[in-house]
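Every read-out reported here was derived from the displayed coordinates using simple, explicitly stated rules and does not represent laboratory data. Since this is a predicted model, take the numbers as computed values, not measurements. In this analysis, Cβ positions are derived from the backbone assuming ideal geometry, glycine residues included, and neighbour counts consider all displayed protein chains.
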Amino acid sequence: MTATKVREAHAHTTVSDFIGTWKLVDYSFLHEDGTVEKPWGDQVVGYLLYSAEGYMSGNLSPAGRRHSIETGDGQKRSRKRDYIAYAGPYTVEGDTVTHHVEVSLFPNWLGTAQLRYHKREGNTLTLRTPPIPSGDGVVAVQLTWEKVTK
C-alpha cells in the first residue's frame, strides 16, 4: 500500500471503528535497531474497551503475573511495571487515537494525553506509542489486540 493510500485509509477512520471490546494478544518493545523485545514474554492478558460515549479503559499484564519476586537473597520485591491500567475519554484523528487519562495506576499519567498510532486489519487492532527515549536508546511500545465477538 502506498503512503498516499495509507493516509487515505486513516482519513476515513472514525470512532465507530474502535467501539467494542479488544483482547490483548501481544505486547512488544520495538527498538530503533529493529530488535523486538517481549518484556512480559509471549503470554499476556488484557482488555481494552472503547465505548460509543467516547470513553476507553485499558488493563493489561503478563499472564503469569505475581505480586512479588524473589531477589535470590530471600528478599521479595514488587515487580516493576507489570500491570497497566488507565481510563478516560478518547479521540480519533487520522492515524492516531488519543487516550485522555483521567484515572491511572500510574499517578504521573493522570491528566496526560497518551497518543497511539493505530492500524486496523480485520479483527486486529495494533496500537503503537511514539518513540520513547529509554536507557538503551529509543523504543516504541506496540500492542496488538483482537476484537472480542460473540
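Only aspartates and glutamates eight or more places from K147 in sequence, or on another chain, were considered; those with a Cα closer than 16 Å are D17, D26, E121. Given R0 = 35 Å, the distance between the Cβ atoms of E102 and V25 translates into a calculated FRET efficiency of 0.85. May I have the pair-distance distribution P(r) for the stretch 105-150, computed from all Cα-Cα distances with 10 Å bins from 0 and rounded to whole percent? Spelled out per bin, shortest first, that is 22, 39, 31, 7, 0. With K and R counted +1 and D and E -1, the other residues having a Cβ less than 11 Å from that of V139 yield a net charge of -3. Scalar couplings 3J(HN,Hα) for the stretch 89-101, obtained by applying the Karplus form with A = 6.51, B = -1.76, C = 1.60 to θ = phi - 60°, are x, 9, 10, 10, 8, x, 8, 10, 10, 10, 9, 8, 6 Hz; x denotes Gly and Pro. On full extension, the segment bounded by D95 and N123 gains 8.4 nm, given 0.36 nm per residue less the C-alpha separation. Using 0.36 nm per residue, how much length does the chain from D136 to S16 gain when fully extended, once their Cα-Cα distance is taken away? Separation in residues times 0.36 nm, less the Cα-Cα distance, equals 39.4 nm. When V139, V148 are arranged by Cβ crowding within 10 Å, least crowded first, meaning fewest neighbours, the order is V148, V139.
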